[in-house]
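> What follows is a structure written as structure tokens; I'll ask about it next.
Derivation of every value follows stated rules applied to the coordinates shown; laboratory data play no part. Computed from a prediction, not measured in an experiment: that's the story for all the values here. Here Cβ is always computed from backbone atoms with ideal geometry, including for glycine, and neighbour counts include all displayed protein chains.
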Amino acid sequence: MRLFLLTLLALSCLSGNIQGKDLGKRPEVRKIKDIVVYEDPQFYVAFPSVVKSGDDYLVAFRRAPNRVMLGEPYPTHTDMNSYLVMVRSKDGENWTKEPELIYAHPFGGSQDPCLLKLRDGTLLCTSYGWIQLREDAIAKMEQPVYHEGGWVPLGGYIVRSFDNGKTWEGPIYPPAVKGGIYKDPMGKPLPAYNRGALYEGKSGRIFWVVAAMDDNPLTKTSNHLLYSDDKGLTWQYSGIVATHEKFIFNEASVYETPKGDIVAFIRTENPETRACIARSTDGGKTFKWQPMGFYGHPLAAVRLPDNRVFLTYGYREKPCGVRARILNAECTDFATAEEIILRDDNGPGTDVGYSWPVVLDDNRVLVVYYITRADGLRYIGGTILEIGSN
């Protein structure tokens with residue numbers, strides 16, 4: 001259950017996968033292979049991100065004990081022993097077996113490590129945390145404090161590396177979203193948080209679309225833009241990306257087009273909207289959002305060598321798996337771009353997705369995600385695709 005982002009869908013899935021053939025009606029797209037990036041039955045792993053850094057590909061993910069192995073009925077997305085870890089590869093296919101620790105929060109479990117490599121080689125990793133507390137302690141806190149089942153959000157944070165991920169400094173805590181009402185357990189405004197890709201624009205400015213809990217009691221969330229001009233050390237509030245009196249907007253990835261538009265690909269929980277796109281033509285000061293016309297969440301994008309955009313997303317309706325679309329350079333043809341099925345063989349339940357693409361070379365892309373085997377084991381997987389030029 002994604003408590004922080006109100007992800008309350010509950011569907012079941014079947015399987016069936018085509019491999020090594022042209023996908024859909026796009027003859028220039030061919031699956032090369034599916035791979036395993038990381039798996040260990042002792043751990044519940046999820047929410048990966050991937051970047052190319054130096055000579056290495058890095059995949060970060062959240063790892064926690066497999067509570068089913070310990071006798072509990074099912075795993076959850078909140079765990080006091082949830083840490084941020086990563087594995088490495090030289091070729092995008094073969095990965096180190098033992099993860100390296102990125103960060104273990106001293107007060108609680110961490111979620112969704114989102115990597116960004118800056119042009120100068122600096123690595124950023126954003127995350128957010130939860131702490132498990134007794135109800136009597138929560139009642140004494142400065143209100144309002146969001147809590148569910150004894151879990152209280154710690155808010156978001158950033159860690160940075162200047163040596164290709166060997167060591168990390170931080171955490172850096174971003175400001176609260178302007179107008180935010182919720183407090184953290186210490187009585188301070190809840191730091192901004194979200195799951196989704198950040199982006200370094202042409203000017204060097206870093207864009208980050210974050211989420212905000214809009215009301216008390218909580219019924220909906222909205223998206224807002226933060227930016228940093230000093231490599232993630234400090235953050236400023238820019239404005240609203242997407243909000244509505246009843247619709248839920250949450251996990252979002254941001255992208256800058258060649259013409260300079262700032263585009264956000266947004267997960268929603270609204271049957272009326274499904275996946276949404278928000279666009280700013282004034283550098284991120286104002287946005288207009290609209291439905292994209294298809295279902296999938298959350299979304300992540302990467303620029304291909306020919307300037308087209310490879311957009312990937314999880315798919316949690318039968319058959320569950322991972323899908324993608326290739327958009328034009330300005331991301332304006334989302335309504336007509338053909339859907340490409342990368343995986344449709346997820347095991348029981350809907351716990352799949354959180355995909356993230358990276359370019360391997362001039363005609364290959366790696367997409368990482370988490371997926372469930374038929375026996376219920378979740379692992380970090382990947383699909384390597386060959387994509388011809390436009």
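> Within straight cross-link reach of Lys31, meaning Cα distance under 16 Å, which lysines are found once same-chain residues fewer than 8 apart are removed?
Cross-link targets: Lys21.
> Quick one: net charge around Ser222, please, counting Lys, Arg +1 and Asp, Glu -1 for every other residue with C-beta under 13 Å from its C-beta. Please list the in-between numbers first.
On the way: positive: Lys178, Lys220, Lys246, Arg267; negative: Asp214, Asp215, Glu245, Glu251, Glu269.
Net charge around Ser222: -1.
> To the nearest µm²/s, what D does Stokes-Einstein give for the chain at 20 °C and 1.002 mPa s, using the Kirkwood radius over alpha carbon pairs as Rh? Walk me through the numbers before you get to the answer.
Values: Rh = 20.8 Å.
Once the numbers are plugged in, D ends up at 103 µm²/s.
> Give the lysines whose C-alpha is closer than 23 Å to that of Lys183, dropping any in the same chain fewer than 8 places away, or say none.
Lys183 reaches Lys140, Lys220, Lys246.
> For a quick check: with amide H placed at 1.01 Å from N, whose amide H comes under 5 Å from Val29's, ignoring anything fewer than 5 positions away on the same chain?
So Val29 has HN proximity to Leu23, Gly388.
> Could you give the nm distance between label points at Asp40 and Lys318, where each point is 7 Å from its Cα heading toward the beta carbon?
3.6 nm
> Given the alpha-carbon gyration tensor of the stretch 242-286, what are the semi-axes of its equivalent ellipsoid in whole angstrom, ordered largest first, with each equal to the square root of 5 times an eigenvalue? Please list the in-between numbers first.
Working: eigenvalues 93, 23, 11 Å².
Semi-axes (√(5λ), whole Å): 22, 11, 7.
> So what is the relative contact order of the chain, in percent, for Cα pairs below 8 Å that sit 6 or more residues apart? Can you show the working numbers first?
On the way: 1103 pairs, mean separation 65.5, N = 390.
With pairs under 8 Å counted, the relative contact order is 17 percent.
> What per residue convex hull volume, in Å³, do the alpha-carbon atoms of the stretch 280-325 yield?
Details: hull volume 4.7 nm³, N = 46.
Dividing the Cα hull volume of the stretch 280-325 by its residues yields 103 Å³.
> Order the peptides 159-168, 256-265 from the highest to the lowest mean number of other Cβ atoms within 10 Å of their residues.
On the way: 159-168: 16.1, 256-265: 19.5.
Per-residue mean Cβ counts within 10 Å order the peptides as 256-265, 159-168.
> May I pose another question? Over the stretch 74-161, consider all pairs of different Cα atoms and compute the Kirkwood hydrodynamic radius from their mean reciprocal separation; express it in Å, one decimal. The partial results should precede the final answer.
Details: mean 1/r = 0.0668 Å⁻¹.
This gives a value of 15.0 Å.
> Measure out, as a whole number of angstrom, how far apart the alpha-carbon centroids of the stretch 321-390 and the stretch 262-283 sit.
19 Å
> Which of the lysines could a cross-linker bridge to Lys231, judged by Cα under 25 Å and excluding same-chain residues fewer than eight apart?
Cross-link targets: Lys52, Lys117, Lys166, Lys178, Lys188, Lys202, Lys259, Lys285.
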